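All remarks here apply to the structure that follows.
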Amino acid sequence: MILTEELSLPCITIAKKIEVGNGTVRVERVVPEGIEVVETPLPALVTVSNELGLPRYPTMRAIMAANRKRPAIWKLSDLSVDSAALQPSLRLVDLFVPVQDQACEFIDGSDEREIAQKLFQKLRETRLI
């Protein structure tokens, strides 16, 4: 969880049940062995499993109301953003598909020791070791 690392927050994953109170969050987590109860101070990041609650489906009235709403359109001046700040800071130098060369060589020998010695010699010749 990169976000919790950057914000220095505790993170609890796969929550089945969440209780918030007195500046803490108490979570029941699903683990391979069963259920684990974890408590941590707030603020914290909690991810949930599909076992937490039922999905809320919108009513027909809410769907119709959503169709009538228009999105707010803001300009850069409304947001106090300079257009120069939105210019890309990266430049594409080259774009290519890497060539994959797969050469396979089998090393024969009478036993594992001889094969290992030949492999060692081959790696040394190609300066890989």
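The values are calculated or read from the model by the stated rules, or taken from the named source; none is laboratory data. Here the structure is a predicted model, which is why all the values come from computation and not from measurement. Heads up, the Cβs are rebuilt from the backbone with ideal geometry, glycines too, and the neighbour counts pull from every protein chain shown.
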Of the conditions (1) in contact with a helix residue (DSSP H, G or I) (Cβ under 9 Å, 6 or more places away or on another chain); (2) surrounded by 10 or more Cβ atoms within 10 Å (Cβ to Cβ); (3) not basic (K, R), E114 fails just one. Which one is it? (1)
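Could you say which residue among V30, V46, V20 is among the β-branched types (V, I, T) and more than 21 Å from the chain's Cα centre (by Cα)?
Numbers: V30 fails: more than 21 Å from the chain's Cα centre (by Cα); V46 fails: more than 21 Å from the chain's Cα centre (by Cα).
Result of the check over V30, V46, V20: V20.
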Report yes if E39 is of a type outside the set (S, T, N, Q), touching a Ser or Thr at 6+ places or on another chain (Cβ under 6 Å) and without any contact (Cβ under 8 Å) to a residue 24 or more places away in the chain, otherwise no. yes
The range 48-92 - residue that is aliphatic (A, V, I, L, M) and assigned to a loop (DSSP other than H, G, I, E, B) and, of those, surrounded by the most Cβ atoms within 10 Å (Cβ to Cβ): L52
Can you tell me which residue among S110, S89, S49 is without any contact (Cβ under 8 Å) to a residue 60 or more places away in the chain and within 30 Å of N22 (Cα to Cα)? S49
Scan the range 1-10 and give yes if some residue there is within 21 Å of the chain's Cα centre (by Cα), modelled with pLDDT of 90 or more and of a type in the set (V, I, T), otherwise no. no
Take L123 and decide whether it is in contact with a helix residue (DSSP H, G or I) (Cβ under 7 Å, 6 or more places away or on another chain) and surrounded by 10 or more Cβ atoms within 10 Å (Cβ to Cβ). no
Per the filter on the range 1-23, residues surrounded by 13 or more Cβ atoms within 10 Å (Cβ to Cβ) and among the polar types (S, T, N, Q) are T4, T13
Can you give me the number of residues within the range 85-109 that are within 30 Å of T126 (Cα to Cα), modelled with pLDDT of 85 or more and hydrophobic (A, V, I, L, M, F, W, C)? 6
Residues within the range 24-47 that are exposed (fewer than 11 other Cβ atoms within 10 Å of the Cβ) and charged (D, E, K, R), tallied: 1
